[in-house]
Structures are given as C-alpha cells and as structure tokens.
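A short write-up of the structure that comes next.
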Amino acid sequence: MTTRDVARDAALEVAGGHVGDHLQSVTSDDVVIERFTSLHPGYPGWHWSVAVVVSGAHATVKDRKSTRLNSSHVALSRMP
C-alpha cells in the first residue's frame, strides 16, 4: 500500500466519501503530505491534506485536515 493509498483511506474516514483526485505529494524527511480535492458541495475549492510518517515498510497517519485554497469562499462575518 502506498502513502497515497494510506492518505486517501484516512481522508475518506473523516470526509464521508467527499475525497476527489490526488493533487500533490510533498516529501520532507520521513513525512509525506498527500493532498486531494474535496468533493463536499459546501466547500468548493477546499482540499484534504494528510501527513503520513514512513518508517521502513510502515506508513502511519500523523494528521489530516481540510484546508481552503486562497481562491475559496469563506463565510462572511456576522453583522449585528
């Protein structure tokens, strides 16, 4: 199983199936960050980032989060 597979499975656990195409892999020492598009209709332009630690033949999920891209919409501040 690749880090991409491990990361996709981890994102699917929290995203309820709203994980799209793979966008990018970034490697730094023993950590690989895999990024996927978010298919959630309420979060257009967001993506999933999953950090996977690699040690020998083992890959462990360190962190997973949904992050907006700069061009994504965010909610307006509440006006009194």
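The values are calculated or read from the model by the stated rules, or taken from the named source; none is laboratory data. No experiment lies behind these values; they were computed from the predicted model shown. The accessibility values were calculated without ligands, DNA or RNA, using every heavy atom of the protein model including side chains. Shrake-Rupley method; radii C 1.70, N 1.55, O 1.52, S 1.80 Å.
List of remarks:
- Between 0 and 90 degrees, the angle of helix 3-15 with respect to the longest Cα principal axis of the chain falls at about 40 degrees.
- Heavy atoms of the protein chains alone define the surface here; on that basis the chain has 70 Å² accessible area per residue at 1.4 Å probe size.
- Here the chain exposes an accessible surface that is 52 percent carbon and sulfur, computed with a 1.4 Å probe and the other protein chains kept in place.
- Taking one quarter of the surface of the convex hull spanned by the alpha-carbon atoms of the stretch 1-55 gives a direction-averaged projected area of 3.7 nm².
- Gain on full extension, evaluated as 0.36 nm per residue between Thr60 and Val31 minus their Cα-Cα distance, stands at 9.5 nm.
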